[in-house]
Amino acid sequence: MYFPVDGGNRAVGQRNKMDFSIHAAAAFMQLLKTQRDASGLSIYNEKLELHLPAKVANSHLQLMTQKLDELIDSKPTIAKSTNTVKALHEIAEKIPRRSLVILFSDFFDGSKGTEELFLALQHLRHNHHEIIIFNVTDKQFEYDLAFENRPHTFVDMETGEEVKLQSNQVKEYYVEQMQKFKEKIKMKCLQYKVDFVEADINKGFRPILQNYLVKRSKMSR
C-alpha cells in the first residue's frame, strides 16, 4: 500500500496508496460524525494490529484520527507481508451485526488465494454486514505497467523479492493476467452482493465519496 514510494515513480506531492486510503477513511469518519453515526477503525498487515469499535464520541474520532496520522508518519517497509483474509475473519467476529464495512485494499498480499478471500467476504455477508470494497491501485503502473522501456529492477513489497527486466518483455502477458485477477474479484463481489469500486489514486476522491453516498441511499430506503 506504500506504492509508489519516494525515490521511485512517485512525483513530489503525489499520494501513494496508503496516503490515499488514509485521507479517504478520515473523510468518511467525519461524514459519519456529521450524520451522528458511529464509526470504528481496523488496521491490519499480517495480523489485525488495531481494532477500535464503533462509537460516536468526539474523543473517539480524535483517537482514530491520531492513529491514521501515525500511519502517515510511518515509513514504508519492504518485505512486510499482509493477510487480508485473516484480518477480515477477525473483523467479522468483532463488529456488531448489520454494520457497514468499508475496506481499502489493493489485494496484493500474502493471502493464499482469491478463493480464501471470497470465503472471508462471505463470512462478513453471513453476519449481515453491508460491504463496500475500494480496490486502491496506481493503475498506470500496477495494472497497465506503464514504465519506460528500459531495464528496471522490480521489487515485491510483500516479500522483498527482486526481478530485473524491461517492462515491454512481459507487458502484454502481465496486463492480461492483472485484468483477469480484477475481473475475478469483481464477479465474486457481484455474486456476494458486495460493492466493488475501482479507486485509482490518480483520479482523486470524488469516485470514492459518490459510491459511498449511493450505497447509503440504498440502505436507507
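The values are calculated or read from the model by the stated rules, or taken from the named source; none is laboratory data. For clarity, every value in this text was computed on a predicted model and none was experimentally measured. So basically every Cβ, Gly included, is an ideal-geometry build from the backbone, and we count neighbours across all protein chains shown. Accessible surface areas use protein heavy atoms only, side chains included; no ligands, DNA or RNA. Shrake-Rupley method; radii C 1.70, N 1.55, O 1.52, S 1.80 Å.
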Exception for Ser59 within (1) modelled with pLDDT of 90 or more; (2) outside any strand (DSSP E or B); (3) open to solvent by less than 60 Å² (accessible area, probe 1.4 Å); (4) not aromatic (Phe, Trp, Tyr) falls at (3)
From the set of residues in region 98-116 that are at pLDDT 85 or above and out of contact with any Asp or Glu (no Cβ under 9 Å at 6 or more places or on another chain), which is nearest to Lys55 (Cα to Cα)?
Ile102
Tell me which of these Val155 doesn't satisfy, since it passes every other one: (1) open to solvent by less than 30 Å² (accessible area, probe 1.4 Å); (2) closer than 16 Å to Phe3 by Cβ; (3) not charged (D, E, K, R).
(1)
What number of residues in region 171-220 are open to solvent by 80 Å² or more (accessible area, probe 1.4 Å), free of Cβ contacts under 8 Å to residues at least 40 places away in the same chain and under 20 Å from Asn16 (Cβ atoms)?
2
Mind checking which residues of region 62-77 are at pLDDT below 90, out of contact with any helix residue (DSSP H, G or I) (no Cβ under 7 Å at 6 or more places or on another chain) and of a type outside the set (Asp, Glu)?
Ser74, Lys75, Pro76, Thr77
Yes/no for Lys80 being among the basic types (Lys, Arg) and modelled with pLDDT under 85:
yes
Mind telling me which of the residues Lys139, Lys67 ends up being more than 29 Å from Glu183 (Cβ to Cβ), among the charged types (D, E, K, R) and touching a residue at least 12 places away in the same chain (Cβ under 8 Å)?
Lys67
Check Thr114 against each of (1) closer than 20 Å to Gln191 by Cβ; (2) surrounded by 19 or more Cβ atoms within 10 Å (Cβ to Cβ) and name the one condition it does not meet.
(2)
